[in-house]
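The values are calculated or read from the model by the stated rules, or taken from the named source; none is laboratory data. Nothing here was measured: the structure is a model prediction, and the numbers come from that model. Cβ coordinates were reconstructed from backbone atoms using ideal geometry, including for glycine residues, and neighbour counts include every protein chain displayed. Heads up: the accessible areas ignore ligands, DNA and RNA and are worked out on the full protein's heavy atoms, side chains in. Shrake-Rupley method; radii C 1.70, N 1.55, O 1.52, S 1.80 Å.
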Protein chains: 4
Amino acid sequence: MIKVGIIGATGYAGGELVRLLTGHREAEIVWYGSKSYIDKKYADVYRNMFEIVEDRCLDDNMEELAERADVIFTATPQGYCASVMSEEILSKTRIIDLSADYRLKDVSVYEKWYGIQHKSPQFIKEAVYGLCEVNREAVRGARLVANPGCYTTCSILTAYPLAKEGIIDMGTLIVDAKSGTSGAGRGAKLPNLFCEVNENIKAYGVAVHRHTPEIEEQLTLASGENTVINFTPHLVPMNRGILATEYASLKKDVSYKDVKMIYDSYYKDETFVRVLEEGIYPETKWVEGSNYLDINFKIDSRTNRIIMIGAIDNLVKGAAGQAVQNMNLMFGLKEGEGLELVPMFP
Amino acid sequence: MIKVGIIGATGYAGGELVRLLTGHREAEIVWYGSKSYIDKKYADVYRNMFEIVEDRCLDDNMEELAERADVIFTATPQGYCASVMSEEILSKTRIIDLSADYRLKDVSVYEKWYGIQHKSPQFIKEAVYGLCEVNREAVRGARLVANPGCYTTCSILTAYPLAKEGIIDMGTLIVDAKSGTSGAGRGAKLPNLFCEVNENIKAYGVAVHRHTPEIEEQLTLASGENTVINFTPHLVPMNRGILATEYASLKKDVSYKDVKMIYDSYYKDETFVRVLEEGIYPETKWVEGSNYLDINFKIDSRTNRIIMIGAIDNLVKGAAGQAVQNMNLMFGLKEGEGLELVPMFP
Amino acid sequence: MIKVGIIGATGYAGGELVRLLTGHREAEIVWYGSKSYIDKKYADVYRNMFEIVEDRCLDDNMEELAERADVIFTATPQGYCASVMSEEILSKTRIIDLSADYRLKDVSVYEKWYGIQHKSPQFIKEAVYGLCEVNREAVRGARLVANPGCYTTCSILTAYPLAKEGIIDMGTLIVDAKSGTSGAGRGAKLPNLFCEVNENIKAYGVAVHRHTPEIEEQLTLASGENTVINFTPHLVPMNRGILATEYASLKKDVSYKDVKMIYDSYYKDETFVRVLEEGIYPETKWVEGSNYLDINFKIDSRTNRIIMIGAIDNLVKGAAGQAVQNMNLMFGLKEGEGLELVPMFP
Amino acid sequence: MIKVGIIGATGYAGGELVRLLTGHREAEIVWYGSKSYIDKKYADVYRNMFEIVEDRCLDDNMEELAERADVIFTATPQGYCASVMSEEILSKTRIIDLSADYRLKDVSVYEKWYGIQHKSPQFIKEAVYGLCEVNREAVRGARLVANPGCYTTCSILTAYPLAKEGIIDMGTLIVDAKSGTSGAGRGAKLPNLFCEVNENIKAYGVAVHRHTPEIEEQLTLASGENTVINFTPHLVPMNRGILATEYASLKKDVSYKDVKMIYDSYYKDETFVRVLEEGIYPETKWVEGSNYLDINFKIDSRTNRIIMIGAIDNLVKGAAGQAVQNMNLMFGLKEGEGLELVPMFP
């Protein structure tokens, strides 16, 4: 059994890690780290876990945790993981960081968009961007994995094959994304109150959202072209789910079949990516609770653009599920272990 | 592998059976019956099942199905199962009926509340009321199980220990229940439209809801007293979940500890019933997607009443989950097989 | 024009006062009091009021406000209004208190249920309980009106005629109430986050909710019998609305027509109380945004109980609307001025 | 008093017309037309109108209606209004058509996108596109007004000033729109059931939605350039509201102030258009229940694009509210009569 430690176990992503790992046959959680709830029973924080998890929350002592865990998930605010990282820790355990600390290869981009100094840039190079479908081999050997963001997982994978194959003009890419409210975290903030979110939709972080450079970096790598995009996230009155609607001009004269063949060539063997049938567009409900990414597209000959649409559960494929998928790869387990989650409908 | 046939596989309860059985290690679905969608791919009706279920929907030919399946789940409208039941079918396969056809032992009560004639009353006596926690032994040997209703499962089990132990005055029992909208089924009816349900709560079936006699019959059996109750269901703007708030006068002078001890004596070894800690009242979100029933109570010395509260996921413990639990018992499997579902939060 | 001051103008009830008074032809708001947002533009706190309200928030200086306003609404936490009340203030202006400070005639009951000391019990006797349909005449002359609670308005008026006429056994009354989340206020608290409330229903304050003694006191006055009830509130995933489902044993052998006649005799001339047609039960959506209370009932001969159901918009008839109704009475205006609000559907 | 007839009074837009006209001081409804509910009490179809509307539904006899009404609102399916229109009717009454029949000036575009033959193309030229802020003067004298679509009202007005002033490259315009579910109408269809919409977001009508040519035609008129756009609507789990997020490349080097000045020059005297303060983006909740359109924008110098965002209540400014605004203009009333609706929050 792989011994797992979680730092930030009482946030929504942390809670989802607990849900998934509870059903994992090769892993067990040995440390429920939560600065806010030290000594409190975990099941008192998340009462769905009553009689399922008996443990109490612990602090976030990385040194001690490194001794006891084979892998540590850090589901913590930006900056935390970078501030505690050290060669000693990495020599004893492996890290899957759900924050943004090691996602961006260019530290100046990180510091500009996140507005904080990076405390351990020396590990950025080593860190593997844990987008399993793209970086599978690199993840296998990694000590330090940067688990992608929720919006970014969905946005990148939805456009990836076409970016890689040079089908779309990267200078025209626009990502209009919609997210459920769990993406905003469990902090008690006025804008996340039920009455503020319910019966409402809004854009936020317009032209300044931090997931922008992450998408840009990965699609630049994929396309070989310097990619600068518009990314606009929206808050939707639902708990879970991200839908990304992406627009780009076509560089080549392609048919539906051409594009379908490209998507299939990238994803037909991928357990967790489903390219839908023609005319059927993704809905977040169809992936809820599961690790799937559903994708489809439409070519609009009137505008010579392609509209690509992707949907994930932000807490699963967008966070905890992908983190477990990374863990499975790192430890040579079946990639889908613990992730055989049938989407819940309704 | 147990071969399973489902009639009514495209309703919400049928869909949940498919979700649960897909993860069951000892059963496989061989027949997706759906009169409305014959020959249509099941995954075209429930697109969450894309690339998970490849089968097409079949008709509801019970005779043929009885040849091919070890067990048949009938998730069908009232009257259907009774109309097709025969000794021949029962000699070849087993039936778990999710409709009300065999739940009530008194056929005249059935005919009065449901307003239809019972087509095969000769099987009522044999049918076992499949409330596993109460009738476990009888279920094991059964050919025909009447799977309890959603409201009734929650309402009965929440009051059962106190009814059985003679703690509450059965003449005073009032059940005020609240349900998510999936309980209303997938029929395209105006009152179930999003805009009619959202931002709204209402009572319905006031003093005439069909689950009333089912609760009464079971609690009469438990208490040994003729039990006539008020049962008021309410429609809540959420997909899943039932909360039953139950009121009864106390017949004995009991303390919190006394009552807690009674509940524990009935349920502490039950995998799927969780009696919460003092002062913590059930919330439907804590059981969502799982087979749990959460219960707690409060003694009000001011009124000499006890308030009992129970919560389930109406599609799981209130329908498909309990049906699978019954199947497991009938076939000598581990009772929780396929039901190790950690509640999803949020 | 009546000059109105509001203390607590930035809570949800305060915001609703502003919405209603903006459309009032005989009143104008001269003071938007909000301790949390002093000097901030009101429309920056509630952006729906952009270009409608130009004022900035002020502090809660009651003395100064008393000089400037003809009437002050205090939409403040329990204890505040009692702590600042004085004969001087009452000699200069009138007060409509939306908190509970002057609702209960027995100060010891107040202090027990609210857990705080009452700072100005000398004004309790003078204070008029502002349930307009019951205390209309007393309200007209009042200097100090205690605006009823949201649950209590709905619960009391729904049972009032039958309590008053001696039709129901007051010892058997049970009120099972369901409320939208705006009733919990605009404080940034974890239990009120969207993801905690959405797709969830729960009971809270079981047997200890503070609205209990208020309902009891008023129904004791109405019935002439010492009334002790069970009151159980539930939180529903919607913004607005309260539904009260009330159960009581009948003391007399009455028919539907008898009871309908009683309700009509009390309410047929009431603008804001609608007794629905037989078999039609209130839904909160039908009163949303309006000052209506919808009522209906069902006699259950099987149990000899009557089920009474009432629905209001908790922020209108349950708070701000009723407060404006009280103001209209106090100042001799048309009772419905500013309250001609057609319920919004959907 | 202006005598108003409504055909299609029992759809959601028709219901909203009734709500608004009930509060209108210069108009009264004389005909509640509803083919589906002939002879039924209107308040039995929309119970929020109990004791407010006493009338019964009538058929859709346009000839008779033309005799009795000064103006007829047709809130009917596409094709109906065109099929009954005649010179005789227009000589007796005025028509405000909420369907698409007279919105598009090019009948072949209408027939292609709507897939039906236009039955009275001879009136297309006369019909005035009732976007009040753009065509105010033409509306005043009109006999036949084509009330704009919900998506289109929001999409056009949000981009209009920049299109008109030549600031944006019309060949790059992309409109990503999100709508509440009332936009789908009150028909009992499976995709609009609560459980299908709740906790879900999806795109629909991708690249083929019928509001596309309407937006294109109006922005072509405004900009003087042939405008072909991508328009992607999404269904959001809320009752009301449309948010349009629009992207376009800038043709000129403009600053925030430049663009703000342009918007202000078009809209600062418009009662129902609010250009928000810098950095504040529209939320549908801020306009709910009102006739406002809220707009703001963000220039992204990284991509040389401008993001424009608009929000309306789809049933008010997107349908019934704008229809009443048109009526007010046609009859020389105050443009805002009956529309002094303060947005409801929460």
List, by residue number, every residue in segment C:1-41 with a reduction of 40 Å² or greater in accessible area between the chain on its own and the complete protein assembly, 1.4 Å probe. C:12, C:19
Shielding by partners - mean other protein chain Cβ count within 10 Å, residues of B:238-246: 6
Of all beta bridges DSSP finds with both residues in chain D, what is the antiparallel percent, to the nearest 5? 45
What is the percent carbon and sulfur in the accessible area of the protein assembly as shown, measuring with a 1.4 Å probe over the protein chains and ignoring ligands? 47
Build a GNM of chain A with springs between Cα atoms under 10 Å: which of A:267, A:46, A:160 gets the top mean-square fluctuation? A:46
Nearest 100 Å² is fine: how much accessible area is buried between B and C, summed over both sides, with a 1.4 Å probe? 4100
May I ask for the angle, rounded to the nearest 10°, between helix B:12-22 and the longest principal axis of chain B, with both axes built from Cα atoms and the value confined to 0 to 90°? 70
Counting heavy atoms of the protein chains only and a 1.4 Å probe, report the per residue accessible area for the protein assembly as shown as a whole number of Å². 31
Taking a crude spin-label model, label points 7 Å out from Cα along the C-beta direction, the residue B:22 to residue D:137 distance in nm is 6.2
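Taking Cα pairs under 8 Å and at least six residues apart, what relative contact order does segment C:266-346 come out at, in percent?
In percent, rounded to a whole number, it is 30.
Taking the Cβ-Cβ separation of residue B:38 and residue A:226 as r and a Förster radius of 51 Å, what is the calculated FRET efficiency to the nearest 0.05?
That gives a FRET efficiency of 0.40.
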With the Cα gyration tensor of segment D:98-154 giving a ≥ b ≥ c as the square roots of its eigenvalues, does the rule (a/c under 1.5 for rounded; else a/b larger than b/c for prolate; else oblate) give rounded, prolate or oblate? oblate
With label points set 7 Å from each Cα along the Cα-to-Cβ direction at residue C:125 and residue A:91, the distance between them in nm comes to 8.3
Partner chain Cβ atoms within 10 Å, averaged over the residues of A:279-292 - can you pull that number for me? 5
Take the residue pairs D:112/D:178; A:260/B:41; A:164/A:252; A:164/A:268; B:178/B:202 and return only those whose Cα atoms are more than 18 Å apart. D:112/D:178; A:260/B:41
On C-alpha positions alone, give me the angle between the axis of helix A:256-267 and the longest principal axis of chain A, in degrees, nearest 10. 20
Summing Lys, Arg as +1 and Asp, Glu as -1, what charge do residues with Cβ under 10 Å from the Cβ of residue C:75 carry, residue C:75 excluded? -2
Please list the equivalent ellipsoid semi-axes of segment B:253-342, computed as the square roots of five times the alpha-carbon gyration tensor eigenvalues, in descending order and whole angstrom. 28, 14, 10
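Rounded to the nearest whole Å³, what is the per residue volume of the convex hull around the Cα atoms of chain C?
That works out to 134 Å³ per residue.
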With contacts defined as alpha carbon pairs under 8 Å and 6 or more residues apart, what's the relative contact order of chain A in percent? 17
Estimated FRET transfer efficiency (residue B:278, residue B:106; beta-carbon r; R0 41 Å; 0.05): 0.55
Spacing of the two label points (7 Å from each Cα toward its C-beta) at residue C:61 and residue A:331, in nm: 6.5
Roughly how tilted is helix D:321-330, in degrees to the nearest 10 and between 0 and 90, from the longest Cα axis of chain D? 80
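Decide, for segment D:244-284, between rounded, prolate and oblate: order the square roots of the alpha carbon gyration tensor eigenvalues as a ≥ b ≥ c, take rounded if a/c falls under 1.5, and otherwise choose prolate if a/b is larger than b/c, else oblate.
Taking the square roots of the gyration eigenvalues as a ≥ b ≥ c, segment D:244-284 is oblate.
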Candidates D:264, D:59, D:300: whichever shows maximal mean-square fluctuation once chain D is modelled as a Gaussian network with Cα springs under 10 Å: D:300
Over the whole of C:200-212, what's the average partner chain Cβ count within 10 Å per residue? Rounded to a whole number, please. 6
Please give the length that would be gained between residue D:54 and residue D:164 if that part of the chain were fully extended, namely 0.36 nm times their separation in residues minus their C-alpha to C-alpha distance (nm, one decimal). 34.9 nm
Near-label residues of segment B:60-90 by backbone N, under 20 Å of a point 7 Å along Cα→Cβ of residue C:302: B:78-79
Using a/c under 1.5 as the rounded threshold, could you call the protein assembly as shown rounded, prolate or oblate? The axes a ≥ b ≥ c are square roots of the C-alpha gyration tensor eigenvalues, and prolate needs a/b larger than b/c, oblate otherwise. rounded
What is the sum of charges, Lys and Arg at +1 and Asp and Glu at -1, for the other residues whose Cβ falls under 11 Å from the Cβ of residue C:252? -3
